[in-house]
Amino acid sequence: MRVRRLAEAALVAALYAILTWALAPLSYGPIQFRLAEVLKGILPFRKGLVPAFVVGVLLSNLLSPYGGAWELIFMPLANLVGALACVWLSRRSAYLGAAVYAVIVAAAVALLLHETAHLPWLVAFPPLLLSEGVLIVGGVPLMGLVQRRLAPE
């Protein structure tokens, strides 16, 4: 069972990174639309996948034009916090957990862009929040369908 969970996490991390890379440059920047964020909607159903998104973000950010410690350390940590908050809040509502995850990621990316590209945080945050919200929260029903096809965690 442990091998299956590890393989599942590795598959999700790789899928996240591949989707992000395949859709670059749309996946990076102030008005990013990382289609891979839809995958995060599975966390309310597959709580053991938290590490998959930390690793997936780290891998996908290897090709980021912003690079450096912000992308390779700060963003995986922000995703760890967001994923854990999502899992915890999903006990009450999958959509609440996903929404908080979207807010945390959008705020972190806005901070990254403020520090690396000198874009004002208040300019970067709203479009990022819209993108993250649509993808992560919108991913919940889609990933719910995927979850029903998978064996229980």
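The values are calculated or read from the model by the stated rules, or taken from the named source; none is laboratory data. No experiment lies behind these values; they were computed from the predicted model shown. Every residue, glycine as well, gets a Cβ built from its backbone with ideal geometry; the counts of neighbours run over all protein chains shown.
Starting from segment 82-93, keep only residues that are surrounded by 17 or more Cβ atoms within 10 Å (Cβ to Cβ), then list their pairs with residues that are charged (D, E, K, R) whose Cβ atoms are within a distance under 6 Å, requiring at least 6 positions of separation or different chains. Matching pairs, first to second residue: Val87/Lys47. Among the residues of segment 24-41, the ones that are at pLDDT 95 or above and among the hydrophobic types (A, V, I, L, M, F, W, C) come to 4 in all. Report whether or not Val109 is within 13 Å of Arg34 (Cβ to Cβ) and free of Cβ contacts under 8 Å to residues at least 12 places away in the same chain. No, not satisfied.
Is it the case that Leu63 is under 26 Å from His114 (Cα atoms), modelled with pLDDT of 95 or more and touching a helix residue (DSSP H, G or I) at 6+ places or on another chain (Cβ under 6 Å)?
Answer is no for this residue.
Which helices (runs of 4 or more DSSP H) sit wholly inside segment 50-153 and have at least 3 residues that are closer than 21 Å to Tyr28 by Cα?
Here the list reads 50-60, 75-89, 94-117, 121-132.
The residue that is farthest from Leu119 (Cα to Cα), among those in segment 10-44 that are of a type in the set (A, V, I, L, M) and outside any helix (DSSP H, G or I), is Leu43.
Pairing residues of segment 19-46 that are under 20 Å from Leu150 (Cβ atoms) with residues that are modelled with pLDDT of 95 or more and assigned to a loop (DSSP other than H, G, I, E, B), at Cβ distances under 7 Å and at least 6 apart in sequence or on separate chains, gives Leu43/Ser90; Pro44/Ser90.
Among residues of segment 124-143 that are under 14 Å from Ala108 (Cβ atoms) and touching a residue at least 12 places away in the same chain (Cβ under 8 Å), those with a beta-carbon under 8 Å from a residue that is among the charged types (D, E, K, R) and buried (at least 19 other Cβ atoms within 10 Å of the Cβ) at least six positions away or on a different chain give the pairs Ser131/Arg34; Ser131/Glu37; Glu132/Glu37; Ile136/Glu37; Ile136/Lys40.
Checking every residue in segment 18-29 against the condition of being surrounded by 19 or more Cβ atoms within 10 Å (Cβ to Cβ) and more than 14 Å from the chain's Cα centre (by Cα) gives zero matches.
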